[in-house]
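Asker: Below is the structure I would like to discuss, written out as structure tokens.
Values quoted throughout were computed directly from the atomic coordinates according to the rules given, and no laboratory measurement underlies them. Everything numeric here is computed off the predicted structure, so don't read it as measured data. Cβ placement follows ideal geometry from the backbone for every residue including glycine, while neighbour counts extend to all protein chains displayed.
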Amino acid sequence: MARTLIKNGTIVTAVDQYRGDILIDGETIQQIGTSLDAPADQVIDAAGRYVIPGGIDVHTHMDMPFGGTTSSDDFETGTVAAAFGGTTTIVDFAIQDFGKSLRQGWETWMAKAEGKAVVDYGFHMIMREFTPELGREMKDMVDEGVTSFKLFMAYPGVFMMDDAGIFQAMQRSGEIGATICMHAENGGVIDVLVKQALARGQTEPKYHAITRPALAEAEATHRAIKMAEIADVPVYIVHLSAAEALQMVTEARDRGVPAFAETCPQYLFLDYTNYEEPGFAGSKYVMSPPLRAREKQSEMWRGLRGNDLQLVSTDHCPFCMKEKELGKDDFSRIPNGAPGVETRLMLLHDGGVRTGQISLNRWVEICSTAPAKIFGLFPRKGTIAPGSDADLVIWDPDKKVTLSHKTLHMRADYNPYEGRQVTGAAETVLSRGRVVVDRGTFTGQKGHGKYLRRAPRA
Ligand code: URP
Ligand code: ZN
Ligand code: ZN
């Protein structure tokens with residue numbers, strides 16, 4: 001078993017910041033101390049660098065059939081990109097098909113990832129419908145380590161479930177210690193607005209945002225929380241984008257209701273005006289929920305600081321421009337999603353920590369520790385402690401990077417942040433003790449990533 005010693009770094013966790021050395025034995029951290037001098041097969045000098053727990057992105061869509069095409073990263077390319085960005089764990093979404101079992105969906109996604117992923121991965125399960133049989137199967141999935149289920153209040157005919165189905169899935173998740181992850185947008189209202197816009201000949205990308213108003217997100221968020229309160233279970237709102245929806249989460253949490261939410265970098269660093277870029281460029285930002293008004297972003301940052309938003313994931317769902325062009329004459333046909341798994345830590349370090357919006361510890365917390373805790377991976381993942389997996393990132397806080405699809409590793413022919421300069425980047429990345437990125441070079445191995453059986457709620 002290889003032993004690695006990381007020396008002289010500044011170890012940063014969700015709560016600590018101190019100079020120290022880390023001894024890794026095989027796949028896990030063995031010892032942390034000052035001036036450690038144990039024999040090791042390799043020594044990494046981390047002087048002038050932070051050593052942080054590997055990022056955990058609990059919202060990715062690799063190799064996902066969606067919007068008339070398939071997301072362009074598979075589990076190999078997507079996890080290579082994740083590793084370059086300092087993310088060493090992803091939780092992706094397996095999909096149950098209409099009339100099919102949860103197990104079939106899970107096995108399909110296990111086959112997509114197995115032998116390909118270069119860092120560890122787990123799965124949530126998207127349920128398109130609720131039946132008593134699927135309710136029984138939810139427990140089997142929890143036993144397999146799929147301890148969260150994503151339901152949709154939007155995308156009628158594709159993913160949307162009615163309130164009765166949602167409520168029963170919530171009740172069942174309460175019985176088995178699972179978490180309901182909710183895509184909270186009012187799909188019925190949006191569908192009408194989309195049809196009305198198209199009938200008026202409003203086909204450009206910006207109408208994607210105009211027909212998905214913040215109040216449609218707020219209404220669905222409120223309804224999801226109320227249904228969860230009736231079912232007496234926690235609920236987790238995914239990719240929250242609107243300050244109006246955040247108010248619903250904040251109001252519930254202030255009453256002691258177990259409501260949780262994530263946001264994504266795009267809702268902190270991009271805004272509605274991106275849809276007004278010339279020609280068809282606005283399609284690059286077509287995702288659901290859509291980008292919102294810049295004036296509202298300060299409320300999102302306040303939510304992150306105050307823990308009404310517990311974490312930041314990416315909703316990584318990349319498409320190339322030729323796929324986006326499926327919606328050239330009709331915004332509702334533009335595949336929804338954008339690349340992001342590689343840029344999350346950089347954007348939040350540069351635009352969050354360096355600007356004083358969040359502390360260094362909070363950065364680690366929202367990118368790694370909170371996702372691990374909420375989704376049943378802690379303390380194996382999400383911190384730096386003896387016995388934890390040696391998923392570690394040696395972070396150069398001064399490195400300047402110009403974000404571009406030409407140099408990033410995600411499989412997309414554009415980047416939403418093209419040309420943006422950030423300071424701070426992953427230098428060396430370890431996944432279970434193995435160096436997978438070494439100062440700009442990929443040194444990992446296809447298939448090194450292991451499936452993670454996540455724990456149910458305690
Ligand atoms: O636009 C998005 N968010 N694409 C991925 C699917 C989803 O709803 O998360
Ligand atoms: Zn969603
Ligand atoms: Zn998503």
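Asker: Working out 0.36 nm times the residue gap between residue 129 and residue 302, then minus their Cα-Cα distance, what length gain in nm do you get to one decimal? Each step should come with its number before you reach the end.
Answerer: Working: separation 173, 0.36 × 173 = 62.28 nm, distance 3.55 nm.
58.7 nm is the gain from fully extending residue 129 to residue 302.
Asker: How many nm separate the modelled label positions at residue 175 and residue 199, each set 7 Å beyond the Cα in the direction of the Cβ?
Answerer: A separation of 4.3 nm, rounded to one decimal place.
Asker: By per-residue mean of other Cβ atoms within 10 Å, what is the highest-first order of 338-348, 180-190?
Answerer: Values: 338-348: 26.7, 180-190: 24.1.
The packing order, highest mean first, is 338-348, 180-190.
Asker: Continuing with this model, one more query. Would you compute, from DSSP H runs of 4+ residues alone, the mean residue ellipticity of the chain at 222 nm, taking -39500 (n - 2.57) per run and dividing by the full residue count, rounded to the nearest 500? Mind dumping the intermediate values first?
Answerer: Values: 14 runs with 129 residues, N = 458.
Counting only the DSSP helices, I get -8000 deg cm²/dmol.
Asker: Each label point is 7 Å from the Cα along the Cα-to-Cβ direction; what then is the distance between the points at residue 247 and residue 163, in nm?
Answerer: According to this spin-label approximation, the distance is 2.1 nm.
Asker: For a label point 7 Å from the Cα of residue 257 along Cα→C-beta, name the residues of segment 143-160 whose backbone N is under 17 Å from it.
Answerer: Residues 153 qualify, since their backbone N sits under 17 Å from the label point.
Asker: When each pair of different Cα atoms in segment 161-265 is counted once in the 1/r mean, what is the Kirkwood radius in angstroms, to one decimal?
Answerer: On the way: mean 1/r = 0.0690 Å⁻¹.
Roughly 14.5 Å, rounded to one decimal.
Asker: For segment 367-458, what Kirkwood radius comes out of the mean inverse Cα-Cα distance, in Å? Show your work: numbers first, answer last.
Answerer: Values: mean 1/r = 0.0655 Å⁻¹.
By the Kirkwood definition, the hydrodynamic radius is 15.3 Å.
Asker: Which residues among segment 319-342 fall inside the zone where the amide N is under 16 Å from a point 7 Å beyond the Cα of residue 69, along Cα→Cβ?
Answerer: Only 319-340 pass the distance filter.
Asker: Report the per residue volume, in Å³, of the convex hull enclosing the C-alpha atoms of segment 287-403. Could the numbers behind the result be given before it?
Answerer: Values: hull volume 17.4 nm³, N = 117.
Hull volume over Cα atoms, normalised by residue count, gives 149 Å³.
Asker: Work out how much length residue 273 to residue 16 would gain on full extension: take 0.36 nm times their residue separation and subtract the Cα-Cα distance, in nm to one decimal.
Answerer: Numbers: separation 257, 0.36 × 257 = 92.52 nm, distance 3.87 nm.
Fully extending the segment from residue 273 to residue 16 adds 88.7 nm.
Asker: Hey, rough spin-label estimate for residue 325 and residue 281, points 7 angstrom out along Cα→Cβ, what's it come to in nanometres?
Answerer: In this crude spin-label approximation the distance works out to 1.8 nm.
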